[in-house]
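The values are calculated or read from the model by the stated rules, or taken from the named source; none is laboratory data. The structure presented is a predicted model; accordingly, all values stated were derived computationally and were not measured. Here Cβ is always computed from backbone atoms with ideal geometry, including for glycine, and neighbour counts include all displayed protein chains. Please note that ligands, DNA and RNA were not included when accessible areas were found on the heavy atoms of the full protein model with its side chains. Shrake-Rupley method; radii C 1.70, N 1.55, O 1.52, S 1.80 Å.
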Amino acid sequence: GPLPLPKSCLEFERTWKTIINDREAQCKFLKALPPQKLALIFKDSLSVVVLKWVLDSVLTLVDSQAEDEDTGRLLLGVLKGLANVPRFSMTLMFLSTKDKKVLLPLWESAMIATEGTDLKHILVDIKKLYNI
């Protein structure tokens, strides 16, 4: 059945480890996360590893399913929601140069895949928040 909604960063990490190699399960899990509740779930404990997992997953999923705008909107909503988590900018600062090098092509790929869709505008706005 559906994975339980995490109540903390630790629970999120625990759940994610069970679906770490399953993009479809990640997609379902991320789509079920209420973006406006992410600040409550993570409070000030958003870890770099979670940020990397979610960015990697969302950007890859948006890239591979760019024609599904509803899914894309929900997934990008998670990235927007994470940007509202307390100390988000601190977590961003801990992304290494290597992390950013890995993430950059994912952003670029997702940008190309969403060309000509509403998702492209949302992506551009979110990329500014993440300044990668």
Of the conditions (1) at pLDDT below 95; (2) part of a helix (DSSP H, G or I); (3) not aromatic (Phe, Trp, Tyr), Leu38 fails just one. Which one is it?
-> (1)
Whichever residue in segment 1-22 is hydroxyl-bearing (Ser, Thr, Tyr) and part of a helix (DSSP H, G or I) and, among such residues, is surrounded by the most Cβ atoms within 10 Å (Cβ to Cβ) | Thr15
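Among the residues of segment 23-37, count how many are closer than 14 Å to Trp53 by Cβ and either open to solvent by less than 70 Å² (accessible area, probe 1.4 Å) or of a type in the set (Gly, Ala, Ser) (or both). Steps first, answer last, please.
To start, the set of residues in segment 23-37 that are closer than 14 Å to Trp53 by Cβ comprises 23, 25-27, 29-30, 33.
Narrowing further to those that are either open to solvent by less than 70 Å² (accessible area, probe 1.4 Å) or of a type in the set (Gly, Ala, Ser) (or both): 25-27, 29-30, 33.
Number satisfying all stated conditions: 6.
What about Asp44, is it acidic (Asp, Glu) and not in a helix (DSSP H, G or I)? If you could, list the steps in order and put the result at the bottom.
Working: acidic (Asp, Glu): yes; not in a helix (DSSP H, G or I): yes.
Yes.
Would you tally the residues in segment 87-101 being touching a residue at least 40 places away in the same chain (Cβ under 8 Å) and either in a helix (DSSP H, G or I) or surrounded by fewer than 14 Cβ atoms within 10 Å (Cβ to Cβ) (or both)? Show your work before the answer.
Taking segment 87-101 as the starting set, the residues that turn out to be touching a residue at least 40 places away in the same chain (Cβ under 8 Å) are 87-88, 91-92, 94-95, 99.
Cutting the leftovers down to either in a helix (DSSP H, G or I) or surrounded by fewer than 14 Cβ atoms within 10 Å (Cβ to Cβ) (or both) gives us 87-88, 91-92, 94, 99.
Selection size over segment 87-101: 6.
Do we find a residue being more than 21 Å from Cys9 (Cα to Cα), part of a helix (DSSP H, G or I) and over 13 Å from the mean Cα position of the chain (by Cα) anywhere in segment 50-66?
Within segment 50-66, the subset more than 21 Å from Cys9 (Cα to Cα) is 60-66.
Filter again for part of a helix (DSSP H, G or I), leaving 60-64.
Going one step further and asking which of them are over 13 Å from the mean Cα position of the chain (by Cα), we end up with 64.
Yes, segment 50-66 contains at least one residue that is more than 21 Å from Cys9 (Cα to Cα), part of a helix (DSSP H, G or I) and over 13 Å from the mean Cα position of the chain (by Cα).
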Scanning segment 53-79 for residues that are buried (at least 17 other Cβ atoms within 10 Å of the Cβ) and either in contact with an Asp or Glu (Cβ under 8 Å, 6 or more places away or on another chain) or aromatic (Phe, Trp, Tyr) (or both) gives Trp53
